[in-house]
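Inspection log for the structure reproduced underneath, given as structure tokens.
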Amino acid sequence: MAHSSNPQSSQPLLHSRRHLLRYLAGGGLGAIALVFARPQPATGQDLEELCSTFPQNSRCLDYLPGVQALDTAGNAIALDAFLPTTTPGIPQPVQGLPSVTYLVINDGPALAPYGLRPVCPHRGCAVLWQADQNRFACPCHGSKFDAEGRVLRGPARKPLPLVTVVERQNQIRLVDRAPSIDPR
Ligand code: FES
């Protein structure tokens with residue numbers, strides 16, 4: 001009587017099953033490896049990190065990091081209309097971050113890629129811009145800072161803290177973190 005219990009006849013079947021299992025296992029591992037090897041799309045957080053730190057990166061040309069700068073009346077600032085109204089060396093206060101930011105205006109006039117947080121590094125008092133003296137002054141213990149936040153007089157020993165400023169799509173974007181290199 002023909003029966004499948006014949007060990008000779010089941011050999012090729014077992015062999016092909018093992019082959020199939022090995023093939024599937026290999027394919028599965030390969031697929032997993034491909035998933036991990038393929039570059040993953042950047043999340044919004046990744047782009048914010050990248051474009052805040054390296055705004056000129058080619059992946060950031062359409063990305064708007066941080067928040068838009070507003071004038072003191074709360075209106076969005078258009079860069080091309082704003083710059084001609086500024087004077088090199090005179091910082092311009094803008095809103096957008098939790099505290100006021102002073103934009104640093106270079107020759108041109110052109111926008112520096114950083115702005116000043118008017119917070120005294122000595123004990124944290126708010127410093128005031130004194131236009132007639134062209135400097136910031138701290139009302140608490142008398143520290144003075146120049147128009148780029150460098151210390152002119154103590155007791156403060158550190159310059160005013162920086163935020164990152166990015167020009168993009170005719171906007172001024174404020175990023176609430178210091179640039180990777182302090183240019184002062
Ligand atoms: S807090 Fe500004 S000088 Fe002390």
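The values are calculated or read from the model by the stated rules, or taken from the named source; none is laboratory data. This is a predicted model, so every value here is computed, not measured. Cβ coordinates were reconstructed from backbone atoms using ideal geometry, including for glycine residues, and neighbour counts include every protein chain displayed. Note: areas computed on protein heavy atoms with side chains; ligands, DNA, RNA excluded. Shrake-Rupley method; radii C 1.70, N 1.55, O 1.52, S 1.80 Å.
For this structure, a couple of remarks:
- Odd one out for residue 72 among (1) among the hydroxyl-bearing types (Ser, Thr, Tyr); (2) surrounded by 12 or more Cβ atoms within 10 Å (Cβ to Cβ); (3) in a loop (DSSP other than H, G, I, E, B): (2)
- Annotation: of all residues in segment 120-137 being within 14 Å of the ligand (Cβ to nearest atom) and in a loop (DSSP other than H, G, I, E, B), the one that is farthest from residue 104 (Cα to Cα) is 123.
- Filter result (assigned to a loop (DSSP other than H, G, I, E, B) and open to solvent by less than 60 Å² (accessible area, probe 1.4 Å)) within segment 156-170: 156, 159, 160, 161
- Among (1) within 21 Å of the chain's Cα centre (by Cα); (2) part of a helix (DSSP H, G or I), the one test that residue 111 misses: (2)
- A count restricted to segment 88-104 and to residues that are crowded, with 21+ Cβ neighbours inside 10 Å and in a strand (DSSP E or B) stands at 6.
- Residue within segment 86-96 that is farther than 20 Å from residue 162 by Cβ and in contact (Cβ under 8 Å) with a residue 12 or more places away in the chain present: yes
- Residue 59 at pLDDT 55 or above and over 20 Å from the mean Cα position of the chain (by Cα): no
For (1) out of contact with any strand residue (DSSP E or B) (no Cβ under 6 Å at 6 or more places or on another chain); (2) of a type in the set (Asp, Glu); (3) modelled with pLDDT under 85, each residue gets a yes or a no:
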site	(1), (2), (3)
38	yes, no, yes
43	yes, no, yes
48	yes, yes, no
63	yes, no, no
66	no, no, no
76	no, no, no
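- Filter result for residue 142 (assigned to a loop (DSSP other than H, G, I, E, B), farther than 26 Å from residue 48 by Cβ, open to solvent by less than 40 Å² (accessible area, probe 1.4 Å) and more than 16 Å from the ligand (Cβ to nearest atom)): no
- All conditions in (1) near the ligand (Cβ under 10 Å from one of its atoms); (2) surrounded by fewer than 16 Cβ atoms within 10 Å (Cβ to Cβ) hold for residue 180, with the sole exception of (1).
- With respect to being surrounded by 18 or more Cβ atoms within 10 Å (Cβ to Cβ) and of a type in the set (Lys, Arg), residue 173 fits the description.
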